[in-house]
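Participant: Quick one: the structure is below, questions incoming.
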Amino acid sequence: MSRSKKNFINNLITYGIVIAAFLICQLALSGSIDGFKMSRSLKGQLIPICVYIVMAVSLNLTVGISGELSLGHAGFMSVGAFSGIIMSTWLASRFQMENEAVRLILSLITGGIFAGIAGVLIGIPVLRLRGDYLAIVTLAFGEIIRNVLNCLYFSIDEGRLYMNFNNPNLPGRIIYNGPAGATGVDKISTFVMGFALVLFTLFVVLNLINSRSGRAIMAIRDARVAAESVGINVTKYKMMAFVTSAVLGGMAGALYGLNISSVTAAKFKFDTSILVLVFVVLGGIGNIRGSIIAATLLTILPEMLRAFSDYRMLVYAVVLIAVMLATNSPFLASRLNAVKARFARKAKNGKEGNAA
């Protein structure tokens, strides 16, 4: 089987899993599945699941495909969240735009653009570093973004947008109030739009990975000196992966920000970046499908463990450790490979039997 055909089949399986999960959720929401009723808490987790899937897949582009450890992904999420909220509020005030779907799409695009600009500004100095140094600097930039957002103030007055730095004295209605964040946000995010954003993210990331640029990015990851020796522009391709990841993270942030009524910069601290990195590592570095599954399971797991009350986060941590040990077990890996080989032989024998 050729590599292109194998990639096509793998991508088709990934899209199929996402679409099947979406259809099952839609049927459960409509009550069409007998004996299964989606709880209120699980319904509230549907949009965050989409957000964290996009965050995990986009970070995997940087960590897994590009091979650069970034700990500031929550910073791009925060830029996207607040720029999306401001855009949505401005569209409603300036143009009296009542179509929430159009407003949401424009807000997602705005969040992606501003996060991409932040990615370029951060990527120019940062991507000259490697390894642990890159991780520390991206962590610092994530914290810088959060602290800058704590000093910004935005207001809207008769359709005009005003901004101040460290000064809340603005005309009109304050829509972003420094450390207090954005309050009274119109909750216009929908599960359908979240699903569409997941598909868009998969389309962008999978096509980039399988393109000439994607092969150049992976060549730089595997052998930087060899890639440079054959004329590959290392800075260009590393920047391409980093900025694409930032844009998708910003769009996820806009979807998240427009799903809750009150958002502060404190929601996008260092631990959010670590949480997304856990999704990537648990699902497998460089494994896009694994990132989707890990982000989904680990987002709903705390809700599933709510019966343990005060001990649920302890159980959550134990489950994480157990899964990491299992996925890195040579014995389990050999057993899984043996099962795969057995199924492959059976499929091959079946085809030969049919041909005969």
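Participant: Taking every Cα atom in the stretch 217-321, find the radius of gyration and the maximum pairwise distance Dmax, and write them in Å.
Facilitator: Final numbers for Rg and Dmax: 18.1, 58 Å.
Participant: If I compute solvent accessible area with a 1.4 Å probe over the protein chains, what percent of it on the stretch 15-73 is carbon and sulfur?
Facilitator: Carbon and sulfur atoms account for 64 percent of the accessible area of the stretch 15-73.
Participant: Mind checking which of 203, 322, 304 is farthest towards the positive end of the stretch 200-337's charge dipole, using Cβ charges of +1 (Lys, Arg) and -1 (Asp, Glu) about the Cα centre?
Facilitator: Projecting each Cα onto the dipole axis, the largest value belongs to 203.
Participant: If I model the chain as equal point scatterers sitting on the Cα atoms and use the Debye formula, what is log10 I(q)/I(0) at q = 0.07 Å⁻¹?
Facilitator: -0.34
Participant: While we're here: Rounded, prolate or oblate: which one fits the stretch 105-184, using the alpha carbon gyration tensor with axes a ≥ b ≥ c (rounded when a/c is under 1.5, else prolate when a/b beats b/c, else oblate)?
Facilitator: Since a/c reaches 1.5 and a/b is larger than b/c, the shape of the stretch 105-184 is classed as prolate.
Participant: Using a 1.4 angstrom probe, figure out how much accessible area the chain has per residue, in square angstrom, rounded to the nearest whole.
Facilitator: 52 Å²
Participant: Where does the longest stretch of the chain lie that holds no chymotrypsin sites (Phe, Trp or Tyr not before Pro) found in a DSSP loop with 12 or fewer other Cβ atoms within 10 Å?
Facilitator: 96-356
Participant: Gap in Å between the Cα centre of the stretch 251-274 and the Cα centre of the stretch 153-216?
Facilitator: 10 Å
Participant: Rounded to the nearest 20 Debye, what is the dipole magnitude of the chain about its Cα centre when Lys and Arg each give +1 and Asp and Glu each give -1 at the C-beta?
Facilitator: About 1340 debye.
Participant: Related question: At 37 °C and a viscosity of 0.692 mPa s, what translational diffusion coefficient does Stokes-Einstein give for the stretch 185-235, taking Rh as the Kirkwood radius over Cα pairs? Give it in µm²/s as a whole number.
Facilitator: The Stokes-Einstein estimate is 249 µm²/s.
Participant: Could you tell me which of 182, 151, 258 has its Cα farthest along the dipole of the chain towards the positive end, charges placed at Cβ (Lys, Arg +1; Asp, Glu -1), taken about the Cα centre?
Facilitator: Result: 258.
Participant: Relative to the compact-globule scaling 2.2 N^0.38 Å, provide the ratio for the alpha-carbon radius of gyration of the stretch 84-150.
Facilitator: Cα Rg divided by the expected 2.2 N^0.38 Å: 1.48.
Participant: Can you tell me how much longer the chain between residue 337 and residue 98 gets when fully stretched, taken as 0.36 nm per residue apart minus their C-alpha distance, in nm with one decimal?
Facilitator: Extra length from residue 337 to residue 98 when fully extended: 80.6 nm.
Participant: Shifting gears a bit: At 1.4 Å probe size, with the rest of the protein present, what percent of the exposed accessible area of the stretch 160-218 is carbon and sulfur atoms?
Facilitator: Roughly 56 percent, rounded to a whole number.
Participant: Here's a follow-up. Under the rule that an exposed site lies in a DSSP loop and has at most 13 other Cβ atoms within 10 Å, name the longest stretch of the chain with no trypsin sites (Lys or Arg not before Pro) of that kind, not counting the sites themselves.
Facilitator: Between the exposed loop sites, the longest stretch runs 188-356.
Participant: Let me confirm the definition first: pairs of Lys residues in the chain, 8 or more apart or on different chains, C-alpha distance under 22 Å. How many are there?
Facilitator: Total qualifying Lys-Lys pairs in the chain comes to 13.
Participant: Short version: ³J(HN,Hα) in whole Hz for each residue of the stretch 37-48, in order, from phi by Karplus 6.51 cos²θ - 1.76 cosθ + 1.60 (θ = phi - 60°), x for Gly and Pro, what are they?
Facilitator: Listing the rounded values in order: 10, 6, 5, 5, 5, 5, 4, x, 8, 5, 5, x Hz.
Participant: Could you tell me which residue out of 31, 111, 9 lies farthest along the dipole of the stretch 1-145 toward its positive end? Charges go on the beta carbon: Lys and Arg +1, Asp and Glu -1, centred on the Cα centre.
Facilitator: About the Cα centre, the residue reaching furthest to the positive side is 9.
Participant: Given only helices, namely DSSP H runs of n ≥ 4 each adding -39500 (n - 2.57), what is the per-residue ellipticity at 222 nm of the chain, to the nearest 500 deg cm²/dmol?
Facilitator: -24000 deg cm²/dmol
Participant: Of all the stretches in the chain, which is the longest one without any exposed loop site, taking GluC sites (Glu not before Pro) in a DSSP loop (any state but H, G, I, E, B) with at most 15 other Cβ atoms within 10 Å?
Facilitator: The longest uninterrupted stretch comes out as 159-356.
The values are calculated or read from the model by the stated rules, or taken from the named source; none is laboratory data. These numbers come from a predicted model, not from an experiment. Using ideal geometry, Cβ is built from the backbone for each residue, glycine included, and neighbour counts are taken over all protein chains shown. For the accessible areas, the whole protein counts, side chains as well, though only heavy atoms, and no ligand, DNA or RNA atoms are used. Shrake-Rupley method; radii C 1.70, N 1.55, O 1.52, S 1.80 Å.
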